[in-house]
Amino acid sequence: MYAKKNHIETNKMNLFKISFFSLTLFICILLIIYAINIYPIPGVDSIVFIPTAILYSQGHGFINPWYYVTYYTDPTYSGLFNYYVPLFPMVLGFLSKIKPDIKTVFFICSIFSITNLLLFYYKIQSITKNINSRVVKIILLLSIPYLSTYLLPTVGRPETFTSLFSFIIYLLYSKKDKINIYLYNIVLCILFSFLLSSQIMSFFFSFSIFITYELLNTKKIAKCIWVNSIRLIVILGLTCFIISCSPIGLSGTITGIKLHIDYINTRHDNSTNLLLYYWLFAPLNVGFLLLFIPCIFFYIIEIKQKIIKLDITKKILILLLQIVLIYGIFKFILYAAPTIYNATQFILPLCCYLIYNIINYKVKSIKTAFTTLIFIAYISGTFLMIRGFILFIDTIYDGKSFENAKSIVNKIINKNNNVYFSQNLWYLNDSLDRNKLIYIDNLKKDDLLIYAQVYRDIPSEFFQKCDIYYDWRTKEKKDFLGIPIRKHPQGFSFIVFKVKDKW
């Protein structure tokens, strides 16, 4: 009887492992398919980074002529990409030279995304060996489609890189005792310099938490400070070298970033409603707050348990670091609701940390409460992934694909001189270096305006001040099995207006 029970449990475990691997593989393949088909439509922030990568790969320079911030950061008004650290668009542009277009760029982004998922699968396998809890198994299965909503390749932000680099650092630290010390330090410094060269806040939070754990686990405080000081110097040196190798150079980049920081410090988009939306309901990170709260709880418990046993010097240093982290959360994450990406880029190590603690935490009531929060977040993200997949099939079936849209748009461009794009269709022009975006103040009679149907309603003033030149719109709302699943189309549908008179 005992042997039979063990056999049944083994079969259940094998079935779970096969299901977990199969689902991971399916999502990885789906992310590549999305990248090749440019789906979903590249978001608002893609215009900040991806044009630079494509134009750089095509030999037009390290520029972004369509991002308005360049008017504040580039005194030459030539659209220089000097407002952000350069590694993300620079690497994408360099790798895309083999076939310089937007599909190549997003395909490369998808490779980073699927690497993240495969590493997550590997880590989860190592911390959930022989797990028998049905609830935990369901959560693990739901975690894969949930994470895919964070890893969509067409988002087009540096977190495509930093989510992977920070996750590798997390995995590396967990294996540090099994790795040659010299190799460990070399890889660690390179990864941190990649973070700092891709997204400054990613480095700030990663390095602060890394140093916290270094102090918590060290037996020799002086050696710990000395070693990490050397690491920091090396990281800064490597970062300066990387930025110096960029087309803008070190001095130009630092000057541009300072001007950019001065500008973004004027942001005020941090109302309670906006914060709730971005932390709970935003499609790219739905339910993130439900995961962040238990992670903070487990982190505080862990710090509290370990710090009690430490001497006064370590306690002071660790507490000072936590103050710096709290300041960073308010200063760089909560100061504007959309900047939640400074936190969500760590979703993979956060999920691993959360799952590990849920499995091992002993207080049943708290464990049950947090498990419920995780389940709500994961099931919400899974439904969003399924919805996105259904809308992808609908977009292909509807014919409103990237390739079809690009073909129609370039025929219109070839027959007309003054053609302008709405911000979320900038990539449809075959000649990106000659692209022009819609700016109301500059419009004149007979200009053509290509306006996307996706995301929001087309402003009524366009219908009042223009004639319809070409209509390639589709049905606004979409139902699936009688359930409404969209308010606006998800494909590349658009309408072309012809200006009646000077705007």
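The values are calculated or read from the model by the stated rules, or taken from the named source; none is laboratory data. In this text the structure is predicted, and so the values were computed from the model without any measurement. Cβ sites come from the backbone with ideal geometry, for glycine too, and all protein chains shown count toward neighbours. We work out accessible area using only protein heavy atoms, side chains counted, and drop any ligands, DNA or RNA first. Shrake-Rupley method; radii C 1.70, N 1.55, O 1.52, S 1.80 Å.
Its relative contact order, with pairs defined as Cα atoms under 8 Å and 6+ residues apart, puts the stretch 1-129 at 28 percent. Structure note, pairs 258/331; 178/223; 17/129: Cα-Cα distances above 18 angstrom occur for 178/223. Cross-link reach is defined here as a Cα-Cα straight distance under 16 Å, omitting same-chain residues fewer than 8 places apart; for residue 315 the aspartates and glutamates meeting it are 214, 302. Judged by the ratio a/c of the largest to the smallest principal axis of the C-alpha gyration tensor, the chain counts as oblate, that ratio being 1.5 or greater while a/b is no larger than b/c.
Under a point-charge model restricted to the Cβ atoms of Lys and Arg (+1) and Asp and Glu (-1), what is the dipole moment magnitude of the stretch 265-338 relative to its Cα centre, in debye to the nearest 20?
280 debye
Under the membrane-span-like helix rule (DSSP H runs whose alpha carbons stretch at least 30 Å along the helix axis, mean Kyte-Doolittle hydropathy 0.5 or higher), the chain yields 2-36, 102-127, 221-244, 364-398. Under the simplified labelling scheme, the residue 488-residue 185 pair shows an inter-label distance of 5.2 nm, with each label point 7 Å from Cα along Cα→Cβ. If r is the Cβ-Cβ distance from residue 19 to residue 326 and R0 is 30 Å, what FRET efficiency results, to the nearest 0.05? The calculated FRET efficiency here is 0.15.
Per residue of the chain, the DSSP helices (runs of n ≥ 4 H) give a summed -39500 (n - 2.57) that works out to -20500 deg cm²/dmol at 222 nm. Solvent-accessible surface of the chain, averaged per residue with a 1.4 angstrom probe and all protein chains in place: 49 square angstrom. Our note on the geometry: Cα centres of the stretch 124-183 and the stretch 340-358, 8 Å apart.
Measuring nothing but how far apart in sequence close Cα pairs (under 8 Å, 6+ apart) lie, relative to its length, the chain scores a relative contact order of 16 percent.
Among the listed pairs 123/309; 99/498; 415/436; 445/477; 306/364, give every one whose C-alpha distance is greater than 27 Å. Table pairs above 27 Å Cα-Cα are 123/309; 99/498; 445/477.
May I ask you to derive the relative contact order of the stretch 119-223, considering only C-alpha pairs under 8 Å and at least 6 residues apart, and to give it as an integer percent? After rounding, I find 23 percent.
Using a probe of 1.4 Å on the protein chains alone, the accessible area found for residue 419 is around 10 Å². Backbone N atoms of the stretch 393-409 closer than 16 Å to the 7 Å Cα→Cβ label point of residue 430 belong to residues 403-409. Modelled spin labels at residue 503 and residue 280, positioned 7 Å past Cα toward Cβ, are 3.7 nm from each other.
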